[in-house]
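Undergrad: Below is the structure I would like to discuss, written out as structure tokens.
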DNA sequence: AACTGTCCCTGCAAGC
DNA sequence: TGCTTGCAGGGACAGT
């Protein structure tokens, strides 16, 4: 399930390959993937003949900035199972390929998404106005985080996953961050001491930066791949996610527990998270 | 305002 | 073996 580190890995791949490339052909066969467009024709018309100028990320969204009509970008959200793959135009088209952008260098950018929770559309930054600051690029100090937390009083995990509060953190990284910060998922933001907030800030930046360095987490069922189809390695560094029944790496006498909350699985160590 | 449950969707694994 | 069931989850939404 692509979260900020996975999307940032893809962004870095594409930022080396796409700027200056012209989109010579655009096709969309998956109506649900381009659900913000009335039909594939309008999507194609907005994209074909444009040049990609930059590749940006905001939270879990990728933006391929187009030369026209300014300001417009191809906005991509990978949902749970989305992949954005650079491949030769002649490579076989795998099942669940919903959008194909043909480039002027003989390659395609293909959007593949079996579960169709992801989407692709042409839009401006205004279409992402509901997002909070980016959890890496927009968060600069523990004091800033403390001020943000002071405006809310709610459980930490849903707050970290609230894209309007902080953009980019999902189920896996919220659990990893909270374990690194030694805080329980159900601690309320209003109950945090200044030292707690400092640990949370350091855990957040530390976990996300390490995960980016290791090119994200590829799990058995999520099929996360970078733009060249390669897997990440941060799953090898997970301390709690998917480790229920295993020993805690920080306090080895404790066992990682899995609970269901808010309709999602949460993993934590009852021994060292409070 | 905060929280829970439901839905969308496919692939995979467990159980009968 | 072959079927059914449950589970995974990002985000929108309805209901409490």
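Bear in mind these aren't lab numbers, they're just calculated from the coordinates by the rules spelled out. These numbers come from a predicted model, not from an experiment. Note that each Cβ is placed from the backbone with ideal geometry, even for glycine, and that neighbours are counted across all protein chains shown.
Undergrad: Give, to the nearest whole percent, the P(r) tail of region A:1-157 beyond 29 angstrom, counting all Cα pairs.
TA: That fraction is 20 percent.
Undergrad: Using a Gaussian network model of chain A whose springs link C-alpha atoms within less than 10 Å, name the residue from A:244, A:163, A:214 with the highest mean-square fluctuation.
TA: A:244
Undergrad: So what is the 222 nm mean residue ellipticity for chain A from helices alone, if each DSSP H run of at least 4 adds -39500 (n - 2.57) and you divide by all residues, rounding to the nearest 500 deg cm²/dmol?
TA: -7500 deg cm²/dmol
Undergrad: So if I take the centroid of the Cα atoms in region A:188-217 and the same for region A:101-134, what is the distance between those two points in Å?
TA: With region A:188-217 and region A:101-134 each reduced to a Cα centre, they are spaced 27 Å.
Undergrad: Given the options A:74, A:94, A:240, which has the most mean-square fluctuation in a GNM of chain A, springs set between C-alpha atoms less than 10 angstrom apart?
TA: Residue with maximal mean-square fluctuation among A:74, A:94, A:240: A:94.
Undergrad: OK, next. Within 10 Å of each residue's Cβ, count the other Cβ atoms and sort A:192, A:160 from fewest upward.
TA: Fewest to most other Cβ atoms nearby, the residues stand as A:192, A:160.
Undergrad: By how many nm would the segment from residue A:193 to residue A:144 grow when fully extended, if each residue of separation counts as 0.36 nm and the alpha-carbon distance is taken off?
TA: The span from residue A:193 to residue A:144 would gain 16.2 nm if fully extended.
Undergrad: Which of A:151, A:198 comes first, and how do the rest follow, when ranked by fewest Cβ neighbours within 10 Å?
TA: Listed from fewest to most nearby Cβ atoms, that is A:151, A:198.
Undergrad: Using Cβ counts within 10 Å as a stand-in for footprinting exposure, how do A:90, A:154 rank, fewest first?
TA: Going from least to most buried by this count: A:90, A:154.
Undergrad: Something else now. Please work out the Kirkwood hydrodynamic radius for region A:74-214, using every pair of different C-alpha atoms, and report it in angstroms with one decimal place.
TA: Final number for the Kirkwood radius of region A:74-214 is 17.1 Å.
Undergrad: Cut-off 10 angstrom, C-alpha nodes, Gaussian network model of chain A. Which of A:200, A:145, A:131 fluctuates the most?
TA: Answer for the Gaussian network model of chain A: A:145.
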